[in-house]
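Novice: For reference, the structure I am asking about is given below.
Computed from the coordinates by the stated procedures, all read-outs in this text should not be read as laboratory data. Everything quoted here is computed from the prediction, not taken from an experiment. All Cβ positions, glycine included, derive from the backbone under ideal geometry; neighbour counts span all protein chains shown.
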Amino acid sequence: MSRRRVSIFGATGSIGQNTIDLIDRNPDQYDVVALTGASNITQLAKDAVRLKAQVAVTAHDHLLPDLRAALAGSDVEAAAGQVALAEAASRPADWVMSAIVGAAGLRPGLNALDQGATLALANKESLVCAGGLILQTAKENNADILPVDSEHSAIFQALVGEDMAAVERIIITASGGAFRDWPMDELANATLEQASAHPNWAMGQRITIDSASMFNKAMEVIETHEYFDVSADQIEVLVHPESMIHALVGFNDGAMMAHVGPPDMRHAIGYALHWPNRQKLPVERLDLAKIGSFTFRAPDEVRWPALRLAREVMARGGLAGAIFNAAKETALDGFISDALKFTQMAQVVDQTLSQMDAVGGHIDDTMTLDNVLHVDHLSRKTAQQIITDL
Ligand code: NDP
């Protein structure tokens, strides 16, 4: 088997480290082109040297001297900043993992597609902010985008060999996050520590908090709409506390295909890494007799207003996803820095969407990267002002 050239953007994070775990198990199959991170220079340098990467990039310019020092004596190039990230994404590679957190992941993903690489897409913000742009870029370059979010990987797998015209609905499951069973009146006082403890999945802090607020699921609903080109009313969310069924696809003959597996991101990452084949993966094999039962319940939109907001975003279309994401990221920063209560995050996103709608006529909402970044910038300012005024 010929060696594949791979790059990992966001290599120091939860998805990035799981990707490296899989690559480490079969080092003869891969040549590592670029590894990127932001603050965690020690991990970035350690992995880049061990995997013999061409280049290691930190997003932070001021950390370049630290990265250089950590790579001293190795053949790995050190680079820093946005231009270096873009350059690394343009280096020829066969497969690129997009696992930077936040809208910062959009540009490297587009650059990777521009050079024709297969993009394993974990960065959910790319599809939410600029679904049309990223899908069009893939099409123009004859490049594949493979979903890595576990729900979207599950849908993708359930659709293999199927005709989209026969799909009636797509159901994505939600664990319900840290506060699934909390009394409503206690949610406002939820602490950062409580929101950062996911019952089933080990993930980065931001997505873990987004799981507790259901903003993560709201993002996934929008991703499903964009990636699979299904209408908003064909997408349902189902609370499934065990996190073993990741998604279901319902067909026009009444059949449903469910994807079942342990809550381990190495499954979805490994599926994207080996696609269109399957290869043995180091994930738990489920003992269904021991598990005994799966449970389901409808989501409560009073508890989780993020789900309603996702539907509004899909109805508005255009750059509403970019507004939604920027407001959500700003509100999340507000919660992490103790400037907002847990329940105020949804309020900030709701008000940002309304205020940005009011100035909508003055914004060019053609989906170009410049317009997405402009709207992202304006929405962050608007959301920040709303937080200050609260
Ligand atoms: P983490 O927070 O664990 O990791 C984020 C990565 O991005 C790190 O490598 C971090 O570097 C880097 N980074 C942070 N800020 C910037 C920036 N401004 N510019 C460039 N790089 C930056 O996140 P996760 O791995 O949990 O998530 C990554 C993405 O995948 C997110 O979009 C998330 O929603 C999505 N996702 C994650 C899942 C999971 O199970 N974790 C599941 C499905 C989707 P450093 O650590 O060095 O500072």
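Novice: When only C-alpha pairs under 8 Å and at least 6 residues apart count, what is the relative contact order of the chain, in percent?
Specialist: Relative CO of the chain lands at 14 percent.
Novice: Please identify the DSSP H helices in the chain that span no less than 27 Å along the helix axis (Cα) and have a mean Kyte-Doolittle hydropathy of -1.0 or more.
Specialist: 369-389
Novice: Something else: Based on alpha-carbon atoms only, what is the radius of gyration of region 78-184 relative to the globular estimate 2.2 N^0.38 Å?
Specialist: 1.26
Novice: Next question. So what is the 222 nm mean residue ellipticity for the chain from helices alone, if each DSSP H run of at least 4 adds -39500 (n - 2.57) and you divide by all residues, rounding to the nearest 500 deg cm²/dmol?
Specialist: -14000 deg cm²/dmol
Novice: Work from the charge dipole of the chain (Cβ charges, +1 for Lys and Arg, -1 for Asp and Glu, about the Cα centre) and give the residue of Met356, His267, Gly131 farthest towards its positive end.
Specialist: His267
Novice: Sticking with this structure for a sec: Kindly provide the pair-distance distribution of region 234-307 built from C-alpha pairs, with 10 Å bins from 0 and whole-percent values in order of increasing distance.
Specialist: So the P(r) values, bin by bin, are 15, 38, 35, 12, 0.
Novice: Which residue, Leu121, Asn142, Leu110, has the largest displacement toward the positive end of the dipole of region 89-166 when charges sit on each Cβ (Lys, Arg +1; Asp, Glu -1)?
Specialist: Value: Leu110.
Novice: Here is a follow-up. Relative contact order for region 7-49: what is it in percent, counting Cα pairs under 8 Å that are at least 6 residues apart?
Specialist: RCO, region 7-49: 49 percent.
Novice: Setting aside same-chain residues fewer than 8 positions from Lys290, which lysines have a Cα under 25 Å from its Cα?
Specialist: Hits, sequence-local ones excluded: Lys280.
Novice: Skipping prolines and chain starts, which residues have an amide H placed within reach, meaning under 5 Å, of the one on Ile235, given they are 5 or more residues away or on another chain?
Specialist: Ile170
Novice: By its C-alpha gyration tensor, with a ≥ b ≥ c as the square roots of the eigenvalues, how is region 298-390 shaped: rounded for a/c under 1.5, else prolate for a/b larger than b/c, else oblate?
Specialist: oblate
Novice: Near the amide H of Ile145, under 5 Å away, which other amide H atoms are found, from residues 5 or more places off or on another chain, if H is placed in the peptide plane?
Specialist: The answer is Leu119.
Novice: Under 20 Å from the Cα of Lys328, which lysines turn up, not counting those fewer than eight places away in the same chain?
Specialist: Lys124, Lys217, Lys341, Lys381
Novice: Right, next: Based on Cβ point charges of +1 for Lys and Arg and -1 for Asp and Glu, what charge dipole magnitude is obtained for region 135-227 about its Cα centre, in debye rounded to the nearest 20?
Specialist: Charge dipole of region 135-227: 120 debye, to the nearest 20.
Novice: Could you give the dipole magnitude of the chain about its Cα centre, charging the beta-carbon of Lys and Arg +1 and that of Asp and Glu -1, in debye to the nearest 20?
Specialist: Approximately 860 debye in magnitude.
Novice: In nm², what is the average projected area of the convex hull enclosing the Cα atoms of region 1-58?
Specialist: So the Cα hull casts an average projection of 3.4 nm².
Novice: Taking the Cα centre of each part, how many Å lie between region 63-118 and region 226-301?
Specialist: Centre-to-centre (Cα) distance: 31 Å.
Novice: If you don't mind, there's one more thing I want to ask. What is the ratio of the Cα radius of gyration of the chain to 2.2 N^0.38 Å, where N is its residue count, to two decimals?
Specialist: 0.96
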